[in-house]
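The values are calculated or read from the model by the stated rules, or taken from the named source; none is laboratory data. Fair warning: this is a prediction, and the values are worked out from it, not measured in the lab. Ideal geometry is used to build each Cβ from the backbone, glycine not excepted, and the neighbour counts take in all protein chains shown.
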Amino acid sequence: MSITVSNLTKIYGKQKAVNDISFSVSDNEIVGFLGPNGAGKSTTMKILTGYLSPESGTATVNGIDVIKNPLEAKKVTGYLPEGNPLYYEMYVREYLEFIANIHHLGSVKNRIEEVIDLTGLRAESNKKTGQLSKGYKQRVGLAAALIHDPKVLILDEPTTGLDPNQIIEIRQVIKDLGKNKTVLFSSHILQEVESICDRVIIINKGNLVANDLLTNLQSANKDSRVIIVQFGKNTDIQLLKNLSDVESVDEVANQYHIRTSDPEKVKKLLLEFSLENNVDIISLQSKSSSLEEVFRNLTGNIQTN
């Protein structure tokens, strides 16, 4: 395992920011780390990168104990923190050279050009970091996290401040990096997580509430299952609402979106309904829960920032 967290606990005063959580991330896996604001995501990431010490528990990166050997762990870890601290008076290349020298890299100039191209910084690479837009500052932070070619990447809100085109580009960068690196990243853009990850870890109020493949979470979340049915002619929506185990019905573009906790039962009832009322079913399909619905059910609220 590239990342292993075991019974990790962090306390601030009387508040347990992280409460006895355990999880692991395999080699070359991209995992989304989700939770509402204040859930403990950034605290966990800071522990994994050696910037905070826990009250109890252990954490390893690439087999290295981050608490006992923080410097060795940092050699194999790239970290983009949420705040993305930069030296604004430094030029982009100057800053990346500074970070590269901290890691005692050889062939510094070649590596700087590689990460500039990888993160799409070429057009802005001759400016001071303080002159860059927020989106390009994020790119510089990502380039700095990549400069020493780490085996593990821990990215806290990596697409913050990027415009839609830049978000798509950085998503692709993360996907490409996941082919030969382990990536743990947090995001409040749930569609982004759906497009990049196969597995998600969700914490809420310091507690681990989910750790599974996205498809499994969506299938298990039956409270939000939707059946989409289209009939050959208009149908009285109230008749559909009266069917057993139907929670709600919405008409969208000549289709009926039926929310139910028992989709298989309702499908059978719809077939019976079509025969009894002499209406053809043009299409009938189940819609899996979105990550947004899974998130809302597990945490009790949804964050959109």
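Taking segment 252-276, which residues are at pLDDT below 90 and over 29 Å from V209 (Cα atoms)?
Answer for segment 252-276, where residues must be at pLDDT below 90 and over 29 Å from V209 (Cα atoms): V252, A253, N254.
Filter segment 193-224 down to the residues that are among the charged types (D, E, K, R) and either in contact with a strand residue (DSSP E or B) (Cβ under 8 Å, 6 or more places away or on another chain) or at pLDDT 90 or above (or both) and list them by number.
The answer is D198, R199, K205, D212.
Which of the residues spanning segment 283-304 are at pLDDT below 70 and not aliphatic (A, V, I, L, M)?
Residues satisfying the conditions are S288, S289, N301, Q303, T304.
If I47 satisfies every condition in (1) in contact (Cβ under 8 Å) with a residue 60 or more places away in the chain; (2) outside any loop (DSSP other than H, G, I, E, B); (3) aliphatic (A, V, I, L, M); (4) under 21 Å from R199 (Cβ atoms) but one, which is the exception?
Going through the list (1) in contact (Cβ under 8 Å) with a residue 60 or more places away in the chain; (2) outside any loop (DSSP other than H, G, I, E, B); (3) aliphatic (A, V, I, L, M); (4) under 21 Å from R199 (Cβ atoms), I47 breaks only (1).
Provide a single number: the residues in segment 243-272 that are within 37 Å of the chain's Cα centre (by Cα) and either within 17 Å of I282 (Cβ to Cβ) or assigned to a helix (DSSP H, G or I) (or both).
So the answer is 16.
Given (1) under 17 Å from G78 (Cβ atoms); (2) touching a residue at least 40 places away in the same chain (Cβ under 8 Å); (3) under 19 Å from the mean Cα position of the chain (by Cα), where does A143 come up short, assuming only one miss?
Looking at each condition in turn, A143 falls short on (3).
Go over the candidates T159, T129 one by one and state the one that is at pLDDT below 90, more than 27 Å from S286 (Cβ to Cβ) and in contact with a helix residue (DSSP H, G or I) (Cβ under 6 Å, 6 or more places away or on another chain).
T159
Do we find a residue being of a type in the set (G, A, S), assigned to a loop (DSSP other than H, G, I, E, B) and under 30 Å from A59 (Cα atoms) anywhere in segment 210-222?
No, there is no match, as no residue in segment 210-222 is of a type in the set (G, A, S), assigned to a loop (DSSP other than H, G, I, E, B) and under 30 Å from A59 (Cα atoms).
If I go through segment 225-242 residue by residue, how many of them are part of a loop (DSSP other than H, G, I, E, B) and in contact with a strand residue (DSSP E or B) (Cβ under 8 Å, 6 or more places away or on another chain)?
Matching residues across segment 225-242 total 3.
Which numbered condition trips up G178, out of (1) under 20 Å from S42 (Cβ atoms); (2) surrounded by fewer than 21 Cβ atoms within 10 Å (Cβ to Cβ); (3) touching an Asp or Glu at 6+ places or on another chain (Cβ under 8 Å)?
Condition not satisfied by G178: (1).
Which numbered condition trips up A123, out of (1) crowded, with 17+ Cβ neighbours inside 10 Å; (2) out of contact with any Pro (no Cβ under 6 Å at 6 or more places or on another chain); (3) not in a loop (DSSP other than H, G, I, E, B); (4) not acidic (D, E)?
Evaluating A123 over (1) crowded, with 17+ Cβ neighbours inside 10 Å; (2) out of contact with any Pro (no Cβ under 6 Å at 6 or more places or on another chain); (3) not in a loop (DSSP other than H, G, I, E, B); (4) not acidic (D, E) leaves (1) as the failure.
Any idea which residue in segment 1-45 is nearest to the chain's Cα centre (by Cα), counting only those that are of a type in the set (D, E, K, R), under 21 Å from T299 (Cα atoms) and surrounded by fewer than 21 Cβ atoms within 10 Å (Cβ to Cβ)?
D20
Determine the pairs where a residue that is within 22 Å of G130 (Cα to Cα), located within segment 66-87, has a partner that is among the acidic types (D, E) with Cβ atoms under 6 Å apart, the partner being 6 or more residues away or on another chain.
P81/D156; E82/D156; E82/E157
Determine which single condition G161 fails, assuming it passes every other condition in (1) among the small types (G, A, S); (2) crowded, with 20+ Cβ neighbours inside 10 Å; (3) not in a strand (DSSP E or B).
Exception for G161: condition (2).
If N278 meets every condition in (1) exposed (fewer than 13 other Cβ atoms within 10 Å of the Cβ); (2) part of a strand (DSSP E or B) apart from one, which number is that one?
Only one criterion in (1) exposed (fewer than 13 other Cβ atoms within 10 Å of the Cβ); (2) part of a strand (DSSP E or B) is unmet by N278, namely (2).
Does segment 76-86 include one or more residues that are touching a strand residue (DSSP E or B) at 6+ places or on another chain (Cβ under 9 Å), surrounded by fewer than 20 Cβ atoms within 10 Å (Cβ to Cβ) and among the hydrophobic types (A, V, I, L, M, F, W, C)?
Yes, some residue in segment 76-86 is touching a strand residue (DSSP E or B) at 6+ places or on another chain (Cβ under 9 Å), surrounded by fewer than 20 Cβ atoms within 10 Å (Cβ to Cβ) and among the hydrophobic types (A, V, I, L, M, F, W, C).
Does segment 241-270 hold any residues that are in contact with a helix residue (DSSP H, G or I) (Cβ under 6 Å, 6 or more places away or on another chain) and farther than 12 Å from V229 by Cβ, and which are they?
Correct list: D245, S261.
Any idea how many residues of segment 93-122 are touching an Asp or Glu at 6+ places or on another chain (Cβ under 7 Å) and touching a residue at least 12 places away in the same chain (Cβ under 8 Å)?
So the count comes out to 2.
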